[in-house]
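The values are calculated or read from the model by the stated rules, or taken from the named source; none is laboratory data. The structure displayed is predicted, hence computed values, not measured ones. Using ideal geometry, Cβ is built from the backbone for each residue, glycine included, and neighbour counts are taken over all protein chains shown. Surface accessibility is based on the protein's heavy atoms, side chains included, excluding ligands, DNA and RNA. Shrake-Rupley method; radii C 1.70, N 1.55, O 1.52, S 1.80 Å.
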Amino acid sequence: MRLQGKKALVTGASRGIGRAVADRFIAEGAEVWGIGTREPDGLTGRLEAAGGRLRWVSADLGDLERVEELTEGLIKDSGGFDILVNNAGITRDNLSFRMSIADFQKVLDVNLSSPFIMARTVGRAMARVRRGSIINMASVVGIHGNGGQANYAAAKAGVIGFTKSLAQEVAVRGVRVNAIAPGFIATDMTGAMTDEAREKTLRLIPLKRMGSPEDVARAALFLASDESAYITGQVIPVDGGMFM
Ligand code: NAD
């Protein structure tokens, strides 16, 4: 029960990595407020299983005008969060020469601007009580780039930049800010890949398997808990050794 008595806000908690993070945090004693675009399938069962320790909020985090107000409302309703996991993310892949400006901008809005607005809004409240852990979901693509994902790579590189900057600003006020850089994780996001692309990627992974959402959730648990009390401004790859 490493998160006993803690309150966590987890974005993109309806499926994939965010869902695994939410479930793991609840299992470790936390109360989780999950956000997703819409109510996920099987929510009633999840709410019952969590025994009052899961709250659900449907919201479009790409609607930047509303993110700050929404977050402030949640801080007020919950009484404040000890942990924020900025996990929601999208892809709109294409080669740079063919990518529409709208697809470039949309990925930046959801994957970079919205997490920044949430982090500073939740971070302000955390700074007032002088404790908190903010975890931003980046990607190995934000470090190494990836053909066909200029928008996504730019957003994830931006997430790493603002993670380190915010970490420097709030460390003195007891708030830690870190990022996780997942590699190739089995979720809906990677589910659309062709068999050929999947085989090619698997060949690059020394541990010879795709990661599971739980692999990433365990890293998030570490960064959320006091076990990482002396770690801030870091990017932790969870990629099976794909990039060393
Ligand atoms: P997913 O597509 O399975 O789930 C994405 C989640 O984000 C869903 O809950 C969805 O509702 C939510 N979301 C998307 N757009 C939203 C919006 N506008 N408003 C509110 N919620 C929104 O994705 P995943 O694979 O679980 O990815 C989770 C995070 O991990 C993302 O930030 C992704 O970029 C990152 N990541 C994933 C991988 C991978 O291999 N799957 C690798 C590196 C990084």
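Based on protein heavy atoms only, the chain ends up with 49 Å² per residue of surface accessible to a 1.4 Å probe. Once R0 is set to 25 Å, what does the formula 1/(1 + (r/R0)^6) return for the Cβ-Cβ distance between Q4 and V129, expressed as a FRET efficiency to the nearest 0.05? Using R0 = 25 Å, I get an efficiency of 0.90.
Across all directions, the shadow cast by the convex hull of the chain built on its C-alpha atoms averages 12.9 square nanometres. Of D103, D77, D215, the residue with the greatest mean-square motion in the GNM of the chain, using alpha carbon springs below 10 Å, is D77. Among I185, I17, I83, the largest mean-square fluctuation in a Gaussian network model of the chain (Cα springs under 10 Å) belongs to I185. By accessible area, using a 1.4 Å probe on protein heavy atoms only, the stretch 7-238 has 51% of its surface on carbon and sulfur. Among M193, M99, M210, the largest mean-square fluctuation in a Gaussian network model of the chain (Cα springs under 10 Å) belongs to M193. Here the stretch 123-161 is scanned for amide nitrogen atoms under 12 Å from the site 7 Å beyond the Cα of L204 along Cα-to-Cβ, giving 140-149. In sequence order, the stretch 90-100 has phi-based couplings of 9, 10, 9, 6, 5, 5, 3, 5, 9, 6, 6 Hz under the Karplus curve 6.51 cos²θ - 1.76 cosθ + 1.60, θ = phi - 60°, and Gly or Pro positions carry x. Rounded to the nearest 20, the size of the Cβ-charge dipole of the stretch 7-238 about its Cα centre is 540 debye, with Lys and Arg at +1 and Asp and Glu at -1.
When only alpha carbons are used to place a centre, the stretch 122-161 and the stretch 178-198 end up 17 Å from one another.
Past 23 Å, Cα to Cα, is the threshold; run K6/K106; K76/K106; K7/K76 against it and keep the listed order.
Going by Cα-Cα distance, K6/K106; K76/K106 fall outside the 23 Å limit.
Along the charge dipole of the stretch 43-187, which of G132, S114, I101 sits closest to the positive end, that is, farthest toward it, with unit charges on the beta carbon of Lys, Arg, Asp and Glu (+1, +1, -1, -1)? So the residue we want is G132.
Hey, how many Å between the Cα centroid of the stretch 91-112 and the Cα centroid of the stretch 1-73? So the separation of the two Cα centres works out to 26 Å.
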